[in-house]
Amino acid sequence: MSTPPAGKTAAPATTQKEQSMLLQKQMIGGHYDALTRAREEGRKVVYTFVPGNLTELMRSFDLLPNLPEINALQSGMRKLSGGYIQEAEKLGHSEDVCTYVKCDIGMLKKGNLGPTGKKLPPPDLLLLSYTGCFTFMKWFELLRHEYDCPVAMLHVPYQSDGRIHPHHRDYIVEQLRSEVIPKLEQVSGRRYDEDRLKESLALSARAEDDLVWVLESAKNIPSPIDAYFGAVYYIGPIFSAFRGTPEGIDYYRTLRSEIEERLRRKQGPITPDGPMAEERYRLVVEGPPNWTSFREFWKMFHEEGAVIVASSYAKVGGLYDRGFRHDPARPLETLAEYCLGCYTNLGLPTRVELLQDYIREYRADGFMINSVKSCNSFSVGQLLMLRQLEERTGVPGGFIESDLVDPRYFSSANIKNRIESYLQMLEQKRSSKASQ
Ligand code: SF4
């Protein structure tokens, strides 16, 4: 493809780690260290999932969250997931099963070494906040066979008509009171402290404000961020263990001030190969990223000058950009509404409307679907979404296929070829429009 060099990134030598990146590295590393020391320090550990996580509630009992999906994606980025997946397949887990699950099971069978190379503790509680993806339930059924510990299940009703009804919220609050909180009390040996929870929720709301500001900065032209590849770093602290913590506040304040500066200077996103020199295409992306070839995957876009200005994946742990904030005045109700609003808990029509709005609000030239067949929660209905989005917006869509953490399903040449052809088609459309 004849892309002018202007779309390329600057030389790697110019790449520098920003303060927020260093901060995040310290925070995540510190959290893994705390997990590995948990046993000797007498702390209790809860395994739970990202969408619908109850971090503030767990932390109000001094419990440490451990998130299997985060461990799996970290293993993917460290090129360990392929071996773990094969280990799980040897034990009989089918090729079609979500590869996060197989990666987690394989990691467990090979000694449960976390991303820092140190052994992760077994759970003192499995807390399943069930938000839309059936695999969450099957995953914890498997872990329940491996660990001798209590299980708490929070059933979150699917948003089938795209609305949160009061009876949905009340149903969840009732489960929090009668099922989840008693289990947390039992495991931690502490009483439920609502004032502590409220303090934490107030911190969450402040960090959420800054995160939304950062994500919405992509409405500017040029966008100072990449809202898919860059945003997976930005959402790391808030979607994992740091919602409702002072460290979370610091991180998002620092990140926001860095982006404000980039915006002031009219700079584009910083990629692993340096700052982007020119924004040529603005895209919306649907679907999770590939982690085993993450840098290579990102490069296929940024070296063509393609910036992702909005993505559904950056909302997998909460749609704050649609207005939701944790509300300390209504602690359990707000946790219930948070769980109900996660992307995985939304029906197809709501997902289509969301992406349609993103295409319009972020002035996107196109949208791309990265379909991951082993992630049913995202991939079901994506071809229908493609068709509906094209019809409603008039913006052409692209479709690629890869996997989360299984390196066997990242066909580099094939994906690159599709992305280039897609961008070429956008270019041709643009030229023919200009000549009319
Ligand atoms: S199927 Fe998708 S949403 Fe469900 S656990 Fe696996 S990666 Fe997560």
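The values are calculated or read from the model by the stated rules, or taken from the named source; none is laboratory data. Source: prediction; values computed, not measured. Cβ sites come from the backbone with ideal geometry, for glycine too, and all protein chains shown count toward neighbours.
For segment 370-398, filtered to residues that are within 19 Å of Q424 (Cα to Cα) and out of contact with any Leu (no Cβ under 6 Å at 6 or more places or on another chain), the residue that is nearest to the ligand (Cβ to nearest atom) is N370.
The one condition from (1) out of contact with any Lys or Arg (no Cβ under 6 Å at 6 or more places or on another chain); (2) more than 16 Å from the ligand (Cβ to nearest atom); (3) closer than 19 Å to P51 by Cα that D148 does not meet is (3). When N53, N71 are screened for being within 30 Å of I181 (Cα to Cα), within 16 Å of the ligand (Cβ to nearest atom), assigned to a loop (DSSP other than H, G, I, E, B) and not small (G, A, S), only N53 passes. Can you name the residue in segment 394-436 that is over 23 Å from the mean Cα position of the chain (by Cα) and among the aliphatic types (A, V, I, L, M) and is also farthest from E279 (Cα to Cα) among such residues? The residue in question is A413.
Condition check ((1) among the aromatic types (F, W, Y); (2) in a helix (DSSP H, G or I); (3) without any contact (Cβ under 8 Å) to a residue 12 or more places away in the chain) across all residues:
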site	(1), (2), (3)
T36	no, yes, no
E40	no, no, yes
F49	yes, no, no
R59	no, yes, no
K79	no, no, no
E87	no, yes, no
S94	no, no, yes
K102	no, yes, no
G111	no, no, yes
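Flag not set for F61, criterion: within 11 Å of the ligand (Cβ to nearest atom) and either buried (at least 23 other Cβ atoms within 10 Å of the Cβ) or over 20 Å from C375 (Cβ atoms) (or both).
This table checks each residue for (1) part of a loop (DSSP other than H, G, I, E, B); (2) touching a Gly at 6+ places or on another chain (Cβ under 7 Å).
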position: K299; (1), (2): no, no
position: A310; (1), (2): no, no
position: G317; (1), (2): yes, no
position: P328; (1), (2): yes, no
position: E333; (1), (2): no, no
position: A336; (1), (2): no, no
position: T344; (1), (2): no, yes
position: E353; (1), (2): no, no
position: N370; (1), (2): no, yes
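Taking the criterion of being of a type outside the set (F, W, Y) and part of a loop (DSSP other than H, G, I, E, B), the residues of segment 230-242 that qualify are G230, I235, S240, A241.
Of all residues in segment 98-134, those that are within 12 Å of the ligand (Cβ to nearest atom), closer than 18 Å to L73 by Cα and at pLDDT 95 or above total 7. Scanning segment 401-422 for residues that are touching a strand residue (DSSP E or B) at 6+ places or on another chain (Cβ under 8 Å), charged (D, E, K, R) and not in a helix (DSSP H, G or I), we see that the one that is surrounded by the fewest Cβ atoms within 10 Å (Cβ to Cβ) is E401. Mind listing whichever residues of segment 184-234 are free of Cβ contacts under 8 Å to residues at least 40 places away in the same chain and either under 16 Å from the mean Cα position of the chain (by Cα) or closer than 24 Å to D124 by Cα (or both)? Correct list: Q186, G189, R191. For beta carbons closer than 8 Å, sequence separation of 6+ or different chains, a first residue in segment 422-435 that is at pLDDT below 95 and a second that is surrounded by 14 or more Cβ atoms within 10 Å (Cβ to Cβ), the qualifying pairs are K429/P396; R430/D365. If we scan segment 235-247, do we find a residue that is free of Cβ contacts under 8 Å to residues at least 40 places away in the same chain and either of a type in the set (S, T, N, Q) or in contact with a Phe, Trp or Tyr (Cβ under 9 Å, 6 or more places away or on another chain) (or both)? So far as segment 235-247 goes, no, none of its residues is free of Cβ contacts under 8 Å to residues at least 40 places away in the same chain and either of a type in the set (S, T, N, Q) or in contact with a Phe, Trp or Tyr (Cβ under 9 Å, 6 or more places away or on another chain) (or both).
One line per residue, one yes/no per condition, for (1) at pLDDT below 95; (2) among the aliphatic types (A, V, I, L, M); (3) surrounded by 17 or more Cβ atoms within 10 Å (Cβ to Cβ); (4) in a loop (DSSP other than H, G, I, E, B):
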| residue | (1), (2), (3), (4) |
| --- | --- |
| A218 | no, yes, yes, no |
| P224 | no, no, yes, yes |
| Y228 | no, no, yes, yes |
| G244 | no, no, yes, yes |
| G248 | no, no, yes, no |
| R253 | no, no, no, no |
| R262 | no, no, yes, no |
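The residues listed here are G268, G274; of these, the one that is buried (at least 20 other Cβ atoms within 10 Å of the Cβ) and touching a Ser or Thr at 6+ places or on another chain (Cβ under 9 Å) is G268.
Which residues, counting only those in segment 277-288, are away from the ligand (no atom under 16 Å from the Cβ) and either over 23 Å from the mean Cα position of the chain (by Cα) or not hydrophobic (A, V, I, L, M, F, W, C) (or both)?
Of everything in segment 277-288, those that are away from the ligand (no atom under 16 Å from the Cβ) and either over 23 Å from the mean Cα position of the chain (by Cα) or not hydrophobic (A, V, I, L, M, F, W, C) (or both) turn out to be A277, E278, E279, R280, Y281, R282.
Looking at segment 206-233, which of its residues are of a type in the set (A, V, I, L, M) and touching a helix residue (DSSP H, G or I) at 6+ places or on another chain (Cβ under 9 Å)? Result: A207, L211, V212, V214, L215, A218, I225, A227, A231, V232.
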